[in-house]
Amino acid sequence: MTEANEIRAGEDFFRRTHNQLSGEMSHYVVANPLPDGRSSYQYLADQVPNAQEVLDLGCGDGSLLVVLARNGATRLAGIDLSDVELSAATQRPELYGADLRQGRAQELPFADKSFDTVISHMALMLMAEIEQVFAEAARVLKPAGRLAISVGLKPAGGSGRALFEKVARPIFVTAQQSGAMPSLGDRRTRTREGLNELATVAGFQPIDWTEISHGPRATPEQAWQSAVDSYYDATLIEAGQLQRLRDEFLDQASDLAEEGLLAHGARMAIATTQLR
Ligand SMILES: C[S@@+](CC[C@H](N)C(=O)[O-])C[C@H]1O[C@@H](n2cnc3c(N)ncnc32)[C@H](O)[C@@H]1O
């Protein structure tokens, strides 16, 4: 497959998947607060106090923009590939005046120097042509404008998430090799060094980086369900295979669990910076 076709396949996958599963991401985030009780939307929004003119890249159903509106932002804009997620966003009273566009973060339909803040929650690490996304973020920001993003990291060892990755890996690899699962995103966004290089090349200052583990300890059944709900690859597994995978997961989870509970293992990083 050519690079252009691969990118198109990845973006078609997001459109299809988010059009079917609209709202699931925000439901998951609200149900799994951070250790200090805030949602990761609230935590990220709190990294940019006094943000007034904000653009959210991969805004999904608008949950982060709602938090920013409540924090006092006056101009709200978002872009996402999924029209179904966006139509959920338009129905939120806090977002009635928001400028929500269907499109690609690599080609922002916004004027130069038009926002004081660009923000993105768990979406940047899924985007191809990531240099272009950073260049576009820098273009639409006003001088000294801020960038704040969260990205997913590999799960903590010995956790429900790590076990899920281990038992599901052969199926995920097969799906990738057969082309059913497109390759998504750019690995550099999942490390401090990689993200720092992308940001500084685009004209930002070196990033501040904070890693957070989140998600409560859970029974093996809950850990299984939570993992299935949060891996894009899991949407492609057919029912019988999923059932067999579940049995294997629960079997191995019994060795890992302490007092019947498993560590959740989800991890994310928050990176913030501003234009030089
Ligand atoms: C994991 S979801 C996160 C949604 C939202 N930020 C949230 O946290 O609730 C990733 C989102 O990024 C969007 N997305 C992926 N690639 C994109 C791109 N190149 N441009 C715009 N949106 C994109 C997807 O359609 C999806 O809604």
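The values are calculated or read from the model by the stated rules, or taken from the named source; none is laboratory data. Fair warning: this is a prediction, and the values are worked out from it, not measured in the lab. Cβ placement follows ideal geometry from the backbone for every residue including glycine, while neighbour counts extend to all protein chains displayed. Ligands, DNA and RNA are excluded from the accessible area calculation, which covers all protein heavy atoms including side chains. Shrake-Rupley method; radii C 1.70, N 1.55, O 1.52, S 1.80 Å.
May I ask you to list the residues in the range 84-125 that are within 11 Å of the ligand (Cβ to nearest atom) and under 18 Å from L44 (Cα atoms)? Show your work before the answer.
Of the residues in the range 84-125, the ones within 11 Å of the ligand (Cβ to nearest atom) are 84-86, 88-89, 101-108, 119-125.
Across the range 84-125, the qualifying residues are I119, S120, H121, M122, A123, L124, M125.
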Inset, instruction - Determine, yes or no, whether A144 is under 26 Å from G203 (Cα atoms), more than 9 Å from the ligand (Cβ to nearest atom) and either open to solvent by 40 Å² or more (accessible area, probe 1.4 Å) or in contact with a His (Cβ under 6 Å, 6 or more places away or on another chain) (or both). - result: yes
Legend entry - Among the candidates T174, T210, residue that is open to solvent by 40 Å² or more (accessible area, probe 1.4 Å), more than 18 Å from E129 (Cβ to Cβ) and assigned to a helix (DSSP H, G or I): T174
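Does any residue of the range 32-40 turn out to be among the basic types (K, R) and either out of contact with any helix residue (DSSP H, G or I) (no Cβ under 8 Å at 6 or more places or on another chain) or in a helix (DSSP H, G or I) (or both)? Write out each step before concluding.
At the first step, the residues of the range 32-40 found to be among the basic types (K, R) are 38.
If we keep only those that are either out of contact with any helix residue (DSSP H, G or I) (no Cβ under 8 Å at 6 or more places or on another chain) or in a helix (DSSP H, G or I) (or both) as well, we get none.
The answer is no; no qualifying residue exists.
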Legend entry - Residue count for the range 83-109, restricted to those that are in contact with a helix residue (DSSP H, G or I) (Cβ under 9 Å, 6 or more places away or on another chain), in a loop (DSSP other than H, G, I, E, B), farther than 25 Å from A9 by Cα and not small (G, A, S): 2
Inset, instruction - Would you mention how many residues in the range 41-68 are open to solvent by 20 Å² or more (accessible area, probe 1.4 Å), touching a Gly at 6+ places or on another chain (Cβ under 9 Å) and assigned to a helix (DSSP H, G or I)? - result: 0
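Condition first: of a type in the set (S, T, Y) and within 15 Å of L65 (Cβ to Cβ). Can you find one or more residues in the range 107-115 that meet it? Talk me through it step by step, then tell me what you get.
Quick first cut of the range 107-115, residues of a type in the set (S, T, Y) only: 114.
Now narrow it down to the ones that are within 15 Å of L65 (Cβ to Cβ): none.
No; the residues of the range 107-115 include none that is of a type in the set (S, T, Y) and within 15 Å of L65 (Cβ to Cβ).
Scanning the range 16-40 for residues that are aliphatic (A, V, I, L, M) and more than 9 Å from the ligand (Cβ to nearest atom), which turns out most open to solvent (accessible area, probe 1.4 Å)?
Here is the first cut: in the range 16-40, the residues aliphatic (A, V, I, L, M) are 21, 25, 29-31, 34.
Adding the requirement that they be more than 9 Å from the ligand (Cβ to nearest atom) leaves 21, 30-31, 34.
On the way: L21: 58, V30: 101, A31: 63, L34: 11 Å².
Step by step, filter the range 16-40, then rank; the result is V30.
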Inset, instruction - Note down all Cβ pairs under 6 Å where the first residue falls in the range 9-29 and is among the acidic types (D, E), the second is within 9 Å of the ligand (Cβ to nearest atom) and open to solvent by 20 Å² or more (accessible area, probe 1.4 Å), and they're at least six residues apart or on different chains. - result: E11/L81
